[in-house]
Amino acid sequence: MNIRIDGLIEKLNKPTTLISCKVTLDSLAFRESFSCAYFAKQWHGAKNMRFYIVATHSASETSKKLAEAGKPYVDGIYYLSEHPYLDELVNELKRMYLTS
């Protein structure tokens with residue numbers, strides 16, 4: 001089974017990061033991303049992998065509840081137009097990959 005992912009970041013001795021990009025994070029889009037996160041972490045080990053979802057905006061308050069339900073498979077959800085912003089993910093990834 002293949003998983004289509006929008007972003008992949010790899011660096012020796014660092015966790016692998018997968019990023020799923022969505023236009024609107026509604027329950028259907030979340031379910032698709034969560035499925036990818038679940039299978040990736042089950043097959044490759046949750047400790048050595050991070051999975052993030054990036055969306056332009058959430059469809060409703062429901063997406064915040066979905067994010068909580070998606071843990072530990074989804075490590076974070078970030079948005080272009082609302083909090084938590086994509087910039088926070090970029091800073092987190094810089095800390096993870098650029099520090100020794």
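The values are calculated or read from the model by the stated rules, or taken from the named source; none is laboratory data. The structure presented is a predicted model; accordingly, all values stated were derived computationally and were not measured. Backbone-built Cβ (ideal geometry, glycine too); neighbour counts: all protein chains shown.
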*Subset of region 70-100 that is surrounded by 11 or more Cβ atoms within 10 Å (Cβ to Cβ) and in contact with a His (Cβ under 8 Å, 6 or more places away or on another chain) - its residue that is nearest to Tyr38 (Cα to Cα)*: Tyr79
*Pairs under 7 Å by beta carbon, first residue farther than 17 Å from Asn2 by Cα in region 42-53, partner of a type outside the set (Lys, Arg) and modelled with pLDDT under 90, six or more apart or different chains?*
Ala46/Pro72; Ile53/Leu25
*Which of the residues spanning region 78-100 are touching a Ser or Thr at 6+ places or on another chain (Cβ under 7 Å) and assigned to a strand (DSSP E or B)?*
Tyr79
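Table: residues versus (1) of a type outside the set (Lys, Arg); (2) surrounded by 13 or more Cβ atoms within 10 Å (Cβ to Cβ); (3) over 19 Å from Tyr97 (Cβ atoms).
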position	(1), (2), (3)
Lys14	no, yes, no
Ala46	yes, yes, no
Thr56	yes, yes, yes
Glu68	yes, no, yes
*Can you name the condition, by its number, that Thr56 falls short on among (1) within 16 Å of Arg4 (Cα to Cα); (2) at pLDDT 90 or above?*
(1)
*Cβ-Cβ below 6 Å, separation at least six or inter-chain, first residue in region 82-100 and in contact (Cβ under 8 Å) with a residue 12 or more places away in the chain and closer than 15 Å to Ile53 by Cβ, second hydrophobic (A, V, I, L, M, F, W, C) and assigned to a loop (DSSP other than H, G, I, E, B): which pairs?*
Leu86/Leu80
_Among the numbered criteria (1) out of contact with any Leu (no Cβ under 6 Å at 6 or more places or on another chain); (2) of a type outside the set (Asp, Glu); (3) closer than 28 Å to Glu10 by Cβ; (4) part of a helix (DSSP H, G or I), which one does Lys64 miss?_
(3)
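Could we say that Phe34 is aromatic (Phe, Trp, Tyr) and either modelled with pLDDT of 95 or more or under 12 Å from the mean Cα position of the chain (by Cα) (or both) here?
Judged against the criteria, Phe34 is a match.
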*asked:* Could you tell me how many of the residues in region 19-44 are surrounded by 17 or more Cβ atoms within 10 Å (Cβ to Cβ), of a type in the set (Gly, Ala, Ser) and over 19 Å from Leu86 (Cβ atoms)?
replied: 1
